[in-house]
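Student: Pasting in a structure now, in structure tokens, and then I'll have a few things to ask.
Any read-out appearing in this document is the output of simple, stated calculations on the displayed coordinates, not a laboratory observation. As the structure is a prediction and not an experimental result, all values here were calculated from the model. Positions of Cβ are backbone-derived with ideal geometry, glycine not excepted, and every protein chain shown enters the neighbour counts.
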There are 2 protein chains.
Amino acid sequence: MVMKDGAVAPLQSDSPEPLWQQAARAITREIAAAKLSSGSRLPPERDLLTRLSISRVTLRKALHSLVNSGVLVSSHGRGWYVATEAHQEFPQTLESFSETAARLGLVPSSDVLRAQEAPATLDEAEELSVAPGSPVFHLERIRRLDGVPVAVDISYFSAIRGLDVSAIDFKTASLFRLLIDAGFDLARADSTIEARAADFTLARHLGIEVGMPVLAMWQLIEDGNGRPVCSSTITYAGDRYRLRTSFSRIGKNTAQG
Amino acid sequence: MVMKDGAVAPLQSDSPEPLWQQAARAITREIAAAKLSSGSRLPPERDLLTRLSISRVTLRKALHSLVNSGVLVSSHGRGWYVATEAHQEFPQTLESFSETAARLGLVPSSDVLRAQEAPATLDEAEELSVAPGSPVFHLERIRRLDGVPVAVDISYFSAIRGLDVSAIDFKTASLFRLLIDAGFDLARADSTIEARAADFTLARHLGIEVGMPVLAMWQLIEDGNGRPVCSSTITYAGDRYRLRTSFSRIGKNTAQG
DNA sequence: TCTCAATACCAGTTATGACAAGATATATTT
DNA sequence: AAATATATCTTGTCATAACTGGTATTGAGA
């Protein structure tokens, strides 16, 4: 750990430049000057704020601005780290909708089309390994980025006893978070991805023309024991979204001919 | 019993990734590398924690996350065991073209459109991290299943010295196998997937109409050091192919918005 | 209203230690 | 030889405590 005490130039409050911007530049300078290599940890916030003589809100505003510009990454409970190329790599799992939104600096939102319990059809029952007719909760949403409709998400899962799903506002709530909090271990997701042409309903929801290409991803999410927990189908407007992920261990044995 | 003492890579605090997640990955790697067969026992916790230089809570958090993802099972008073008949393969690899063919009982084949060396353009050079103008081998193929054109594969990689690629018959040969045999270890592939409309050339090659939806997957394949080895773009006819893969959520509570 | 400060509190990450409880080999007793 | 006790492995659980960043509230001042 570097960054000596005296090395910090005092910030000027009479400058027209906001304090947090000055702080951000000061931190950037420190990183360069102290030659903090990529991946190394910064001093904790409580150290930095005394050193820079600013409040925590201001400091964090500076730090977040550096995250936004790709200089730093934060790790809850561990600290602030100088960004590495490794962290600009693609995620191991599929990048989630909100993660993508965060990366692009856009605001995610949802229109709820359907949020109700219904008896499981034969297909649904088979998919979720439950008895046909047993209660299944259906959630259909239009996902937006900065207000622009990007995808239609149709998910369903076996109804959770003792949980009043009708009280949840799915405009903002996260389905994954809901399932995790309900005690499900989301361990794996078998995924199928294909390109289709938008049908009438989809086109209307996404504000595109019928026949335009869309990217449909169907995921069956399972817990650690391989029991299906949730079926999720997300259909993206082809020209408004890209899936990004990272596959590992390509060349084990399998030749991709 | 495997897992030799020196075999464990030290965990680094110079990473924003929590120690317990690093530990979980390290153990997973050990299991795969040492080929600990299903049902075999892991070293006791007290061994592992000294070897990994972490505390017991941290180690147990890692172990539990692996139980959660179906890799391990624990037995009170006995030890930790590799899960019997691991639920599918945890490596998140795409089902390859030939694997898909085998699963469906179809015969894969290829038409070679282009197989030649050429100087790297600026874009190609940047992608592969080589000097512009350096020799790059280009391979373009139409992939067929039972004779039906399913995808167009456009790949290129830095030319391999001492290898006469012109002697290889890419109608049957596997590009991945070629790269592996040439000494590259294909460790990761950063992938971007999107739905597009077929342009004229693509439509002609695939025997579909212009504007029909196609699934385009671009992969930058890297070796263990993160150096790019090969760029591959496969464009599938939307109604003739589906990508299938499996994502695992190791130590995840991340909300998907 | 915006910036900034001060404060309190929540949540995630590690470490340390002590003790309970299941499993098993070994010594001891019957 | 068989049954029993015991020592010693193992994992399971709990509490404590010290860090870390994340969030919310309140209020002062321009």
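Student: A:A33 label points, 7 Å along Cα→Cβ, one per copy: pairwise distances from this copy to the rest in nm, shortest first?
Tutor: 4.1
Student: Taking every residue in A:179-187, how many Cβ atoms of other protein chains lie within 10 Å of its Cβ, on average?
Tutor: So the per-residue partner count for this stretch is 4.
Student: Right, next: Between copies, how far does the label point of A:S69 sit from its twins, in nm, shortest first, when each point is 7 Å from Cα along Cα→Cβ?
Tutor: 3.5
Student: What is the mean number of Cβ atoms from other protein chains located within 10 Å of the Cβ atom of each residue in peptide A:237-244, rounded to a whole number?
Tutor: Neighbouring Cβ atoms belonging to other protein chains average 5 per residue here.
Student: Another one. Apply 1/(1 + (r/R0)^6) to the Cβ-Cβ distance of A:V57 and A:L106, taking R0 = 30 Å, and write down the FRET efficiency to the nearest 0.05.
Tutor: Efficiency for this residue pair is about 0.80.
Student: Quick one: Kirkwood hydrodynamic radius for segment A:97-237, alpha-carbon pairs, angstrom, one decimal?
Tutor: 15.8
Student: Could you work out how far helix B:56-68 tilts from the main Cα principal axis of chain B, as a 0 to 90 degree angle to the nearest 10?
Tutor: That helix lies at roughly 50 degrees to the long axis.
Student: Let me ask you something else. How long is segment B:5-82 along each principal axis, judged by its Cα atoms, biggest number first, in Å?
Tutor: Taking the Cα atoms of segment B:5-82, the three principal extents are 34, 23, 22 Å.
Student: List the pair-distance distribution P(r) of chain B, using every Cα-Cα distance, as the percent of pairs falling in each 10 Å bin from 0 up to the bin containing the longest distance, rounded to whole percents.
Tutor: 6, 23, 26, 22, 17, 5, 0
Student: Can you work out the FRET efficiency for the pair A:F200 and A:H64, with r the C-beta to C-beta distance and R0 = 45 Å, to the nearest 0.05?
Tutor: Result of the calculation: an efficiency of 0.55.
Student: Using the count of nearby Cβ atoms within 10 Å as a rough guide to exposure, how do A:R114, A:R188, B:R177, A:R196 rank from fewest to most?
Tutor: Taking fewest neighbouring Cβ atoms as first place, the list is A:R114, B:R177, A:R196, A:R188.
Student: Hey, got the average number of other protein chain Cβ atoms within 10 angstrom for residues in B:19-29?
Tutor: 0
Student: Collect residues whose amide H, placed 1.01 Å from N in the peptide plane, falls under 5 Å from the amide H of A:V229; neighbours closer than 5 in sequence don't count.
Tutor: A:I221, A:E222, A:D223
Student: Taking amide H positions as placed 1.01 Å from N in the peptide plane, with prolines and chain starts having none, which residues 5 or more places from B:H138, or on another chain, fall under 5 Å of its amide H?
Tutor: Counting only residues 5 or more places away or on other chains, the set is B:Q116, B:E117, B:A118.
Student: Please list, in order along segment B:178-187, the HN-Hα scalar couplings obtained from phi with the Karplus expression 6.51 cos²θ - 1.76 cosθ + 1.60 (θ = phi - 60°), rounded to whole Hz, x for Gly and Pro.
Tutor: Karplus values, whole Hz, x for Gly and Pro: 4, 5, 5, 5, 7, x, 7, 9, 7, 9.
Student: Quickly estimate the mean residue ellipticity at 222 nm for chain B, helices only: each DSSP H run with n ≥ 4 gives -39500 (n - 2.57), and the total goes over all residues, rounded to 500.
Tutor: Value at 222 nm, helices only, nearest 500: -7000 deg cm²/dmol.
Student: Separate question: Calculate the length of the line joining the C-alpha centroid of segment A:42-60 to that of segment B:105-125, in whole Å.
Tutor: Measuring centre to centre over Cα atoms gives 54 Å.
Student: Helix B:19-33 versus the longest principal axis of chain B: what is the Cα-based angle in degrees, 0 to 90, to the nearest 10?
Tutor: Compared with the principal axis, the helix lies near 70 degrees.
Student: Separate question: Between copies, how close do the B:V112 label points come, placed 7 Å along Cα→Cβ, listed in nm from shortest?
Tutor: Here the equivalent label points are 5.9 nm apart from this one.
Student: Let me ask something additional. From the phi of every residue in segment B:160-168, what ³J(HN,Hα) in whole Hz does the Karplus formula 6.51 cos²θ - 1.76 cosθ + 1.60 yield, where θ is phi - 60° and glycine or proline is x?
Tutor: These are the phi-based 3J(HN,Hα) values: 9, 5, x, 10, 8, 5, 5, 7, 8 Hz.
Student: Short version: ³J(HN,Hα) in whole Hz for each residue of segment A:40-46, in order, from phi by Karplus 6.51 cos²θ - 1.76 cosθ + 1.60 (θ = phi - 60°), x for Gly and Pro, what are they?
Tutor: 6, 8, 7, x, x, 3, 5
Student: If you don't mind, another one. Go through B:219-231, A:33-45 and give me the packing order, highest mean Cβ count within 10 Å leading.
Tutor: Result, highest mean Cβ count within 10 Å first: B:219-231, A:33-45.
Student: What is the spin-label model distance, in nm, from B:D146 to B:R41 if the labels are put 7 Å beyond Cα along the C-beta direction?
Tutor: Here the modelled spin labels are 5.2 nm apart.
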